[in-house]
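I have placed the structure first, in the form of structure tokens, so that the comments after it can refer back to it.
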Amino acid sequence: EAVQPFFDKPIICSGSTMGEQVAIESYLRGMVAQFDNTKCKLKGCDQGFHNYLYYSGGLSNVKGIREVVMSEQGKGIINNLGVLRSKPLSEWGLLDENTTKVLNWDKSVSAVAHQFDRDDELNKHLKKIRQKMEDDFHAGSLATPKRSLLVAGDETEYPSPAKGYKPVIEPTFGMHRSHVDAIFALAEGYDLKIYLLFIESLKATGFTGDLVLSVSAIGDLSRGVEEYLRSHHKEEGEDGINIVAYTVTWTCYESDGVTVAKGASEGVRKCEMVGMYGTETDETVVKDPREARPVATARFELYWAWSLHYDPQRWIMLIDSRDTYFQSNPFTMITRGETKSSDGLLYFFEENSEVAKIKDSKFNSRWLNEAYGNEAVQPFFDKPIICSGSTMGEQVAIESYLRGMVAQFDNTKCKLKGCDQGFHNYLYYSGGLSNVKGIREVVMSEQGKGIINNLGVLRSKPLSEWGLLDENTTKV
């Protein structure tokens with residue numbers, strides 16, 4: 001009854017509106033009020049609201065709106081093409097077949113063509129253009145779009161993960177030494193034997209920097225772990241490997257997202273960090289500003305906070321601890337930059353691309369699809385997998401990269417265990433680390449040709465059969 005009088009009126013498209021800010025703001029208040037009044041939840045009710053506001057007089061004599069100017073289809077700035085799908089636009093005389101420009105009825109070129117995908121000919125043409133743009137983008141000949149970036153001169157910068165707060169978490173024992181290289185690892189829930197292989201193999205290489213670990217609460221550490229870790233404490237100015245240990249408190253949840261659970265369940269459960277951030281003024285601890293996410297994702301926030309303790313040109317390695325050991329000092333193989341440089345190098349390390357690319361891994365492809373959608377990541381599926389569990393770089397570059405990793409969660413809210421690897425690959429292949437403040441260059445190493453050798457995808461047969469294990473020395 002209320003809308004019958006409007007049924008002989010033209011359809012007004014809710015997907016194409018322009019106006020001065022003062023009028024748009026008032027109109028948008030009206031649109032939201034329509035939902036509040038009607039509770040209409042059908043997909044498309046927004047167009048109903050839009051038409052009702054106009055035809056019922058709901059935009060007349062409204063504060064902020066002097067006049068509503070209505071343009072007929074094909075006679076205004078935006079050309080809505082949707083209802084013309086019954087035959088090609090060229091047959092309507094609205095497509096210049098020489099230039100493929102959409103036309104108005106007076107044969108002038110439409111400033112904005114809306115709903116172009118309803119016309120097969122035009123859609124096919126624009127798909128080719130989009131594909132070329134995408135190819136040019138990946139080839140580096142188009143400017144790289146950035147998401148959640150702050151503009152800093154000609155460079156861009158990912159926002160601080162602290163979201164207006166500051167990291168206030170402190171080591172449970174040990175002290176950072178700003179002037180040395182460092183290795184960061186998440187190492188919670190392990191027996192002493194895991195720590196022994198990781199740390200003793202590192203010590204044997206002659207490494208004398210900081211090893212920064214996130215470990216279980218002191219009361220939950222396996223027998224002998226605390227004593228062993230504490231035995232590697234060094235003061236500022238002392239030489240030798242120095243262990244800095246953090247015991248992070250996690251609040252983890254069952255699959256319902258409400259019931260508090262015990263432990264992260266090998267990273268499957270979603271968790272919040274307790275005591276990570278505080279106020280800028282008096283460091284009063286605040287609630288985790290992010291919703292619960294896998295510990296493997298949240299570790300990049302920890303790494304970011306730890307990285308702030310080191311000088312800009314010190315080198316940092318981010319590495320998985322459970323399945324890693326050392327055969328030589330990795331920091332003797334890097335390229336040292338100028339001590340006062342404002343940017344630095346990042347080193348990324350691939351998995352073996354002959355065995356598996358992203359498209360061959362249901363896990364890696366799922367993480368990317370879940371986070372960004374298939375259309376955005378499909379061009380990367382024929383690329384090598386880059387491991388998010390092994391990264392190196394100068395502090396200034398690592399800190400910037402870690403901001404980018406945290407921003408990926410903030411943008412996507414991807415909560416699958418493993419999405420951190422999706423973030424890592426997306427940042428590289430989308431160009432999200434190009435022209436970013438602090439990062440001079442990302443150096444990519446193929447599997448078996450860099451400082452870190454990722455062996456994961458080679459599990460189909462023994463390493464000795466790949467020729468990657470010396471059976472006399474058992475060196476990889």
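The values are calculated or read from the model by the stated rules, or taken from the named source; none is laboratory data. Everything numeric here is computed off the predicted structure, so don't read it as measured data. Every residue, glycine among them, receives a Cβ derived from its backbone with ideal geometry; neighbour counts consider all protein chains shown. The protein model used for the area step is the full one, side chains on, heavy atoms only, and it has no ligands, DNA or RNA in it. Shrake-Rupley method; radii C 1.70, N 1.55, O 1.52, S 1.80 Å.
Looking at segment 229-383, the pairs of alpha carbons with a distance over 28 Å make up 44% of the total. Distant-in-sequence amide contacts of residue 16, defined by a placed amide H-H separation under 5 Å and a gap of 5 or more residues or a different chain, comprise nothing. How large is log10 of I(q)/I(0) for segment 162-277 at q = 0.10, 0.17, 0.18, 0.20 Å⁻¹ when the intensity is taken from the Debye formula with one equal scatterer per alpha-carbon? Taking Cα atoms of segment 162-277 as identical point scatterers yields -0.35, -0.91, -0.99, -1.14. Under 5 Å between amide hydrogens, built in the peptide plane, is the criterion, and for residue 349 it picks out 387, 445 among residues at least 5 positions away or on other chains. Between the Cα long axis of helix 295-307 and the first principal axis of the chain there is an angle of about 70°, rounded to the nearest 10. At a probe radius of 1.4 angstrom, the accessible area of segment 251-301 per residue rounds to 50 square angstrom.
Charge dipole of the chain (Cα centre as origin; +1 on each Lys and Arg Cβ, -1 on each Asp and Glu Cβ, all else neutral): 1120 debye, rounded to the nearest 20.
Computed from Cα positions, the angle between helix 192-204 and the longest principal axis of the chain comes to roughly 80 degrees. Pair-distance distribution P(r) for segment 395-468, from all Cα-Cα distances in 10 Å bins starting at 0: 16, 38, 30, 14, 1 percent. Our summary of shape: the Cα atoms of segment 22-86 have principal axis extents of 36, 31, 18 Å, ordered from largest down, in whole angstrom. Computed on the chain, with alpha-carbon pairs under 8 angstrom and 6+ residues apart, the relative contact order is 13 percent.
Shown for the chain: the carbon plus sulfur share of the solvent-accessible area, taken with all protein chains present and a 1.4 angstrom probe, equals 50%.
Per-residue ellipticity at 222 nm from helix content only, as computed over the chain with -39500 (n - 2.57) for each DSSP H run of at least four residues, stands at -8500 deg cm²/dmol.
Output the pairs from 101/132; 362/417; 163/413; 340/437; 287/417; 166/287 with a Cα-Cα distance over 21 Å in this structure; if there are none, say none. The pairs that break the limit, which is 21 Å between Cα atoms, are 287/417.
Once Rh for segment 408-449 is found with the Kirkwood sum over Cα pairs, what is the Stokes-Einstein diffusion coefficient at 25 °C and 0.890 mPa s, in µm²/s?
207
Summarising the amide proton neighbourhood of residue 441: residues at separation of 5 or more, or on other chains, whose placed amide H is nearer than 5 Å comprise 344, 346. For a 4.7 Å threshold on C-beta separation, the list of partnerless cysteines in the chain reads 13, 387.
Considering only 253, 229, 212, the residue lying farthest towards the positive end of the dipole of segment 189-270 is 253, judged by Cα position with unit charges set on Cβ.
A dipole drawn for the chain from +1 and -1 charges on Cβ atoms has a positive end, and of 428, 468, 102 the residue lying farthest that way is 102. Give me the percent of DSSP beta bridges within the chain that run antiparallel, rounded to the nearest 5. Percent antiparallel among DSSP bridges in the chain is about 55.
The value given for segment 187-232 is a Kirkwood hydrodynamic radius of 11.1 Å, derived from the mean inverse Cα-Cα separation.
Note the angle between two axes, namely the Cα long axis of helix 120-138 and the longest principal axis of the Cα atoms of the chain, as a number of degrees from 0 to 90, rounded to the nearest 10. The answer is roughly 30 degrees. Enclosing the Cα atoms of segment 226-290 in their convex hull gives a volume equal to 146 cubic angstrom per residue. Phi angles across segment 246-256 convert, under the Karplus curve 6.51 cos²θ - 1.76 cosθ + 1.60 with θ = phi - 60°, into 3J(HN,Hα) values of 10, 10, 7, 8, 10, 9, 10, 10, 5, 4, 6 Hz, Gly and Pro given as x. The distance separating the Cα centre of segment 420-466 from that of segment 338-400 comes to 5 Å.
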